[in-house]
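Structure first, then comments.
The values are calculated or read from the model by the stated rules, or taken from the named source; none is laboratory data. Bear in mind the structure is a predicted one, so any value in this text is a computation, not a measurement. Here the Cβ positions follow ideal geometry from the backbone for every residue, glycine too, while neighbour counts run over all protein chains shown. Each accessible area value is taken on the protein alone, full model and side chains, heavy atoms only, with ligands, DNA and RNA left out. Shrake-Rupley method; radii C 1.70, N 1.55, O 1.52, S 1.80 Å.
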Amino acid sequence: MKKIEINEKQLIKLAKKHKKFLESYSINRVAYLFNDHVFYLAYFSDKSGQDIKGDAVISPDSDDISEYQSAHAPLLEHAATVHNIKYHGGDRAKVNYAIFYEVRDYLENVVQANILSQDLQVVYERAFKVISNMITLQDELVRLYYEAMDLHNETLKRGYFVDEELEKLKSYIPILEQIQYEQGKDRYNYRADFDVIYENRNDPNVKQFEKFTDKNTLRELTTEASEKDIKKGLQALMEGIDLDESNYTKEKHYEAVRAKFANNLEKLIHDSKSKLRYP
């Protein structure tokens, strides 16, 4: 795809046409390519830059009002999608998982040593699978996050995005949230296993495998120490649905997230139209 050169002076001139007295303005430098014309979204706010007063679609190479109207929604959707990926997927991708690697190795060594009673062996094996799966899912989340950001960075270099790229970016949102849901749900469902493991930590047979950087690592995984945060995170992802709802599958969660994001975009577009200055 071709690269476009931004004429800053021209964009500023176009944006200022819609700016009111004592307002600040900003221009999203990632354009939307439609019918071989580029369109940008300008924002107008109070002098502090905190309160958005209005938006406008601007273009250096189109005079067709219908094209401006068609460009409005994709420009908003792209900005909102990139924001969600950066500040939600990005935050999660940067979480330090060192503690979980240590716990996984500890549990694996205990399980492989065959030193536990049958009942305890079941608990340790199940906990090992939970932690291992969390790590696998985290690796996938990190991969997808950087894949999405690579796609976005390509549009930054080129200066614009097209419909196919927008749809691809939007598809990452439910997947990234789905992964976070699966990680939290497993920890929540089997939280009591880590209480048993903590209580059994001083058994001489398992004590030998402790090589934690922080001596409180196992305690931090107990119900008392972690349940509140896990539950809070899950409820944020599940929009208040009962965590113990047996019919709430990961497939239902995926669809719920996808629908929620689509609805949020619709609301964003509707709200923006009420203060749209051009077209």
Inset, instruction - Could you state the angle between the C-alpha long axis of helix 118-158 and the longest principal axis of the C-alpha atoms of the chain, as a value from 0 to 90 degrees rounded to the nearest 10? - result: 20 degrees
Legend entry - Å² per residue, accessible surface of the chain at 1.4 Å: 55 Å²
Inset, instruction - Give the share of C-alpha pairs in each 10 angstrom bin for segment 8-65, from 0 to the last occupied bin, in whole percents, shortest bins first. - result: 24, 52, 21, 3
Inset, instruction - Would you tally the net charge around I179, using a Cβ to Cβ cut-off of less than 12 Å, leaving I179 out, and scoring K and R as +1, D and E as -1? - result: -1
Inset, instruction - Please list Y25, Y124 in order of solvent-accessible area, largest first, computed with a 1.4 Å probe with all protein chains present. - result: Y25, Y124
Inset, instruction - Would you calculate a helix-derived [θ] at 222 nm for the chain, using -39,500 (n - 2.57) for each DSSP H run of n ≥ 4 and dividing by the full residue count, to the nearest 500? - result: -20500 deg cm²/dmol
Inset, instruction - Could you size up the charge dipole of segment 8-65 around its Cα centre, putting +1 on the beta carbon of Lys and Arg and -1 on that of Asp and Glu, and report it in debye to the nearest 20? - result: 360 debye
Inset, instruction - Evaluate the Debye formula for segment 156-195 with equal point scatterers sitting on the alpha carbons, no solvent, and hand back log10 of I(q)/I(0) at q = 0.19, 0.28, 0.32 Å⁻¹, in q order, two decimals. - result: -0.66, -0.89, -0.97
Legend entry - Which of I115, I135 is most accessible, then next, and so on - probe 1.4 Å: I115, I135
Legend entry - Listed residue (F44, Y32, L22) projecting farthest to the positive dipole end of the chain, Cβ model: L22
Legend entry - Kirkwood estimate for segment 83-274, i.e. one over the average of 1/r between Cα atoms, Å: 18.8 Å
Inset, instruction - Mind pulling the angle between the C-alpha long axis of helix 250-273 and the longest principal axis of the chain? Nearest 10 degrees, somewhere in 0 to 90. - result: 30 degrees
Inset, instruction - Rounding to the nearest 20 debye, state how big the charge dipole of segment 83-274 is about its Cα centre with +1 on each Lys and Arg Cβ and -1 on each Asp and Glu Cβ. - result: 420 debye
Legend entry - Candidate residues D119, D46: accessible-area rank, largest first, probe 1.4 Å: D119, D46
Legend entry - K232 - accessible surface, heavy atoms, 1.4 Å probe, Å² rounded to 10: 140 Å²
Legend entry - Area accessible to solvent at L137, 1.4 Å probe radius, in Å²: 20 Å²
Legend entry - Folded to 0 to 90 degrees: helix 98-113 orientation relative to the chain principal axis, Cα: 30 degrees
Legend entry - Euclidean distance between Cα centres, segment 191-221 to segment 16-57, Å: 55 Å
Inset, instruction - Counting only C-alpha contacts under 8 Å and six or more residues apart, can you give the relative contact order of the chain as a whole percent? - result: 23 percent
Inset, instruction - Determine how large the accessible area of F100 is when every protein chain is in place; take a 1.4 Å probe and give Å² rounded to the nearest 10. - result: 40 Å²
Inset, instruction - Would you tally the net charge around N109, using a Cβ to Cβ cut-off of less than 13 Å, leaving N109 out, and scoring K and R as +1, D and E as -1? - result: -2
Legend entry - Heavy-atom accessible surface of segment 133-267: percent carbon and sulfur, 1.4 Å: 48 percent
